[in-house]
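Participant: Sending over a structure as structure tokens; questions will come in a sec.
The values are calculated or read from the model by the stated rules, or taken from the named source; none is laboratory data. Since the structure is predicted, the reported quantities are computational estimates derived from the model, not experimental observations. Virtual Cβ from ideal backbone geometry, glycine too; neighbours counted across all protein chains shown. For the accessible areas, the whole protein counts, side chains as well, though only heavy atoms, and no ligand, DNA or RNA atoms are used. Shrake-Rupley method; radii C 1.70, N 1.55, O 1.52, S 1.80 Å.
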Amino acid sequence: EKGGYEHFMLKEMYEQPKAVMDTFSPRIKGSQIEIEELGMTEEEIRKLRKIMIVACGSASHVGHTSKYILEGLARLPVEVDMASEFRYRNPILDEQTLVVVISQSGETADTLAALRQAKKMGARVLGIVNVVGSSIAREADNVMYTWAGPEIAVATTKAYSAQLTAMYLLAMKFGKARGLLREDELQEMLGSLKALPAQIEMILSNREKIQKFANRYLAARDIFFIGRGIDHAISMEGSLKLKEISYIHSEAYAAGELKHGTISLVEEGTLVAAVLTQKELYKKMISNMEEVRTRGAFVMAVTVEGNTEVEKAADYVIYIPETNKYFTNSLAIIPLQLFAYYIAVGRGCDVDKPRNLAKSVTVE
Ligand code: M6R
């Protein structure tokens, strides 16, 4: 059932090109994005005043990435909340708010409760769900399925990638409907979207290099992930992947925030993984990398091909292919997933079923 792979997680990482493709293909008709199941007219999309994204764990990291994309393309204010917080903070929403709940299982108790609360408050709820017919799929006003197929490993990989894809489609659709995304820009983005599966495949095929590198860090005590903007959101997911399956303590930090406290934890040899996919932030990031490096950190960078300047501030560089600036998460997360996986394997951890965790969290 693992199809020749050692773990479900590895198998599912390899299913990501297909999960991404299966999520966008049925929604691209001719050269336009059509999301029938959204159940909203362009007029209704234009009337929206706010989007709230509510989810847990990795799904909430998809939310953080989506905030930058939706705000960038559709100029709608986006709030992202963990479902377990949203429920208890008396959120401000109304009929002009679209609440997007993201869940692989469709059964996460806090996410489901948040959905019910949002509906009660009059908001329209869109579910981005992987499991067909699950509770969240049934109760949301509209459901956009991610077509990742069954995911077995506790650590999500392909469902996460499919969720990102669904959110890209939504953001482009909203940008277009609100008259902010030009037709030529949309066509260029669709071209980049269609190229993602092959690019992911390419990164996966380089796994041995990452395995070799990971093997040097099997005994690490702390690992820090830093990034700015979308790269901070990518860092959050890279950090969660690592800690949940390898049990190495890790933290994701907005790179500019490190010097306000956390940098005191950096010692000789501490691994800092820096994510740099946003051109306009390269310079700022490089100076943050230098900050930790002068304090003894070993800096690994994940960046886009061509950004060779990063080499002056990094000890090890992983290059990802170029894509649209809003889609970089889909590529940058792959080496981070592989890194987490190989560290966990090297440490002899139960990769598919890490301690204390369940695939679907049905307690509040
Ligand atoms: O099924 P859901 O997407 O609602 O699950 C949410 C989180 O429990 C889940 O993403 C969790 O963080 C994963 N184990 C992370 O790999």
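Participant: Might you tell me the accessible area per residue for segment 12-101, computed with a 1.4 Å probe and given in Å²?
Facilitator: That works out to 43 Å² per residue.
Participant: Moving on to the next point. Counting Lys and Arg as +1 and Asp and Glu as -1, what is the net charge of the other residues whose Cβ lies under 12 Å from the Cβ of Cys56?
Facilitator: -4
Participant: Another question, if that's okay. For segment 241-306, compute Rh as the Kirkwood radius over C-alpha pairs and then the Stokes-Einstein diffusion coefficient at 10 °C and 1.306 mPa s; write the answer in µm²/s, rounded to an integer.
Facilitator: Once the numbers are plugged in, D ends up at 126 µm²/s.
Participant: Oh, and also: At 10 °C and a viscosity of 1.306 mPa s, what translational diffusion coefficient does Stokes-Einstein give for segment 210-250, taking Rh as the Kirkwood radius over Cα pairs? Give it in µm²/s as a whole number.
Facilitator: Estimated via Stokes-Einstein, D reaches 148 µm²/s.
Participant: Can I ask one more? In percent, what relative contact order does segment 174-316 have, based on Cα pairs under 8 Å that are 6 or more apart in sequence?
Facilitator: Once divided by the residue count of segment 174-316, the mean separation gives 19 percent.
Participant: Could you compute Rg(Cα) / (2.2 N^0.38 Å) for the chain, with N its residue count?
Facilitator: That ratio works out to 0.95.
Participant: Which percent of the Cα-Cα distances in segment 1-46 go past 15 Å?
Facilitator: Cα-Cα pairs in segment 1-46 separated by more than 15 Å: 62 percent.
Participant: Share of antiparallel DSSP beta bridges in the chain, in percent to the nearest 5?
Facilitator: The answer is about 5 percent antiparallel.
Participant: Which percent of the accessible heavy-atom area of the chain goes to carbon and sulfur, probe 1.4 angstrom?
Facilitator: Result for the chain: 50 percent of the exposed heavy-atom area is carbon or sulfur.
Participant: Distance check, please: which entries in Lys173/Lys353; Lys158/Lys312; Lys283/Lys325; Lys259/Lys283; Lys29/Lys158 exceed 28 angstrom between their Cα atoms?
Facilitator: Over 28 Å Cα-Cα: Lys173/Lys353; Lys158/Lys312.
Participant: If R0 is 41 Å, what FRET efficiency do you get for Ser264 and Arg89 from their C-beta distance, rounded to 0.05?
Facilitator: 0.85
Participant: Moving on. If one computes P(r) from the Cα atoms of segment 244-364, what percent of pairs lie at distances over 16 Å?
Facilitator: Roughly 66 percent, rounded to a whole number.
Participant: Still on this structure, please answer the following. Take the alpha carbon atoms of segment 198-271, find their radius of gyration, then divide it by 2.2 N^0.38 Å using N residues; give the quotient.
Facilitator: Normalised by 2.2 N^0.38 Å, the Cα Rg of segment 198-271 equals 1.20.
Participant: What does the charge count near Ala137 come to, summing +1 for each Lys or Arg and -1 for each Asp or Glu among other residues with Cβ under 12 Å from its Cβ?
Facilitator: After counting each charged neighbour, the total is -3.
Participant: Per residue, how big is the convex hull around the C-alpha atoms of segment 33-155? Give it to me in cubic angstrom, could you?
Facilitator: Spread over its residues, the Cα hull of segment 33-155 gives 103 Å³ apiece.
Participant: In Å, what Kirkwood hydrodynamic radius results for segment 319-362 from the alpha-carbon pair distances?
Facilitator: The Cα-based Kirkwood calculation yields 12.6 Å.
Participant: Roughly how tilted is helix 230-246, in degrees to the nearest 10 and between 0 and 90, from the longest Cα axis of the chain?
Facilitator: 70
Participant: With the crude spin-label approximation of a point 7 Å out along Cα→Cβ, what separation in nm comes out for Ala195 versus Ala219?
Facilitator: Simple spin-label model gives 4.3 nm for this pair.
Participant: What length, rounded to one decimal in nm, is gained on full extension from Ala109 through to Ser360, with 0.36 nm per residue of separation minus their alpha-carbon distance?
Facilitator: Full extension from Ala109 to Ser360 adds 89.5 nm.
Participant: Can you check what the net charge comes to around Lys119, using other residues whose Cβ is under 11 Å from the Cβ of Lys119 (Lys, Arg +1; Asp, Glu -1)?
Facilitator: That sum, taken over residues with Cβ under 11 Å, equals +1.
Participant: Additional query: Which log10 I(q)/I(0) values, to two decimals, does segment 186-328 give at q = 0.14, 0.20 Å⁻¹ under the Debye formula with one point per Cα?
Facilitator: -0.65, -1.30
Participant: Looking at segment 149-243 from every direction and averaging, what is the projected area of its Cα convex hull in nm²?
Facilitator: If you wrap the Cα atoms of segment 149-243 in a convex hull and average its projections, you get 8.3 nm².
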